[in-house]
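**Student:** Submitted below is the structure of interest, expressed as structure tokens.
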Amino acid sequence: MVSFKSVFTLGLVGSAGATCEEVRPGCGEVNIFFTGLPAHHPIVAAIGLNTTMVDVMLRRDAARVIAAGYNLKVVHMGPEIDMSVMEEAMQGQTWHGTGVGYGMRGSQRPDVTIRFEEVLELFRSEASDAPTMFNYNGDTFTWALQRRMPLASDCADSPGIDYGYDVHCDVCAQ
Ligand SMILES: *[C@@H]1O[C@H](CO)[C@@H](O)[C@H](O)[C@H]1NC(C)=O
């Protein structure tokens, strides 16, 4: 079996040469780790967002990522949760791509900004070869993935693996 990394490298080489066809990874061959703030965290409500709607958007987008053929692990956690929780969630798997949600990147709070830096540090140590991709709202991580790491087919008959959707929050109402 050809590893994803070599397939991806071939793809890069292929795209540089006019005669080579680009080789894209297949359904269920790409492991993606995504993190962000829990939808129901008070920080999200404080920015004026409808947290119910954010929750719906995040979960709908995660389901869409899997339906599109990517294997996905989601770990949403507030800045009050220790980074070791995320570190543990990343271990034991090779990650081909990572992502950080909009709410964490756009925050005007020092604690969330520090957390964003910590997340990027963790990605660098646990998934140094994986590109980190960004959505532009709670509903568009699929867009980011299909833009940066398109798969060979639409995977309509062979979705990716759901590695879990974890929410860690000490201060969420629900
Ligand atoms: C928040 O969004 C939900 C789901 O779309 C909706 O039912 C609810 O009325 C919204 N709440 C507010 C305060 O706008």
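The values are calculated or read from the model by the stated rules, or taken from the named source; none is laboratory data. Please read all numbers here as calculations on a predicted model, not as lab measurements. Backbone-built Cβ (ideal geometry, glycine too); neighbour counts: all protein chains shown.
**Student:** Kindly indicate which of 157, 129 is in contact with a Cys (Cβ under 9 Å, 6 or more places away or on another chain) and loosely packed, with under 12 Cβ neighbours inside 10 Å. First the steps, then the outcome.
**Tutor:** Values: 129 fails: in contact with a Cys (Cβ under 9 Å, 6 or more places away or on another chain).
It is 157.
**Student:** Pairs, please: C-beta under 7 Å, at least 6 apart or cross-chain, first residue aromatic (Phe, Trp, Tyr) and in the range 105-124, second surrounded by 12 or more Cβ atoms within 10 Å (Cβ to Cβ) and assigned to a helix (DSSP H, G or I)?
**Tutor:** Close Cβ pairs satisfying both conditions: 116/104; 116/105.
**Student:** Read through the list (1) among the small types (Gly, Ala, Ser); (2) assigned to a loop (DSSP other than H, G, I, E, B); (3) away from the ligand (no atom under 16 Å from the Cβ), then give the number of the only condition that residue 138 fails.
**Tutor:** (3)
**Student:** Between a residue in the range 85-101 that is modelled with pLDDT of 95 or more and any residue that is surrounded by fewer than 22 Cβ atoms within 10 Å (Cβ to Cβ) and of a type in the set (Lys, Arg), which pairs come within a Cβ distance under 7 Å, given they are 6 or more apart or on different chains?
**Tutor:** Cβ pairs passing all conditions: 89/73.
**Student:** Select from the range 46-69 the residues that are more than 16 Å from the ligand (Cβ to nearest atom) and either free of Cβ contacts under 8 Å to residues at least 40 places away in the same chain or over 23 Å from residue 172 (Cα atoms) (or both) and list them in ascending order.
**Tutor:** In the first step, residues of the range 46-69 are kept if they are more than 16 Å from the ligand (Cβ to nearest atom); the result is 62-69.
Selection gives 63, 64, 65, 66, 67, 68, 69.
**Student:** Given the criteria surrounded by 14 or more Cβ atoms within 10 Å (Cβ to Cβ) and either among the β-branched types (Val, Ile, Thr) or touching a strand residue (DSSP E or B) at 6+ places or on another chain (Cβ under 9 Å) (or both), does residue 143 qualify? Give the steps one after another, and end with the answer.
**Tutor:** Details: surrounded by 14 or more Cβ atoms within 10 Å (Cβ to Cβ): yes; either among the β-branched types (Val, Ile, Thr) or touching a strand residue (DSSP E or B) at 6+ places or on another chain (Cβ under 9 Å) (or both): no.
Taking the combined requirement at face value, the residue does not satisfy it.
**Student:** Further, regarding this structure: Look through the range 82-115, keep the residues that are of a type in the set (A, V, I, L, M) and surrounded by fewer than 18 Cβ atoms within 10 Å (Cβ to Cβ), and return whichever of them is farthest from residue 164 (Cα to Cα). Before you say what the answer is, go through the steps one by one.
**Tutor:** Just the residues of the range 82-115 that are of a type in the set (A, V, I, L, M), to begin with: 83, 85-86, 89-90, 100, 104, 112, 114.
Next, from what is left, pick out any that are surrounded by fewer than 18 Cβ atoms within 10 Å (Cβ to Cβ): 83, 85, 114.
Details: 83: 18, 85: 14, 114: 25 Å.
If we take residues in the range 82-115 being of a type in the set (A, V, I, L, M) and surrounded by fewer than 18 Cβ atoms within 10 Å (Cβ to Cβ), then 114 is farthest from residue 164 (Cα to Cα).
**Student:** Limited to the range 34-45, what total is found for residues that are crowded, with 22+ Cβ neighbours inside 10 Å and within 15 Å of the ligand (Cβ to nearest atom)?
**Tutor:** Final tally of qualifying residues: 2.
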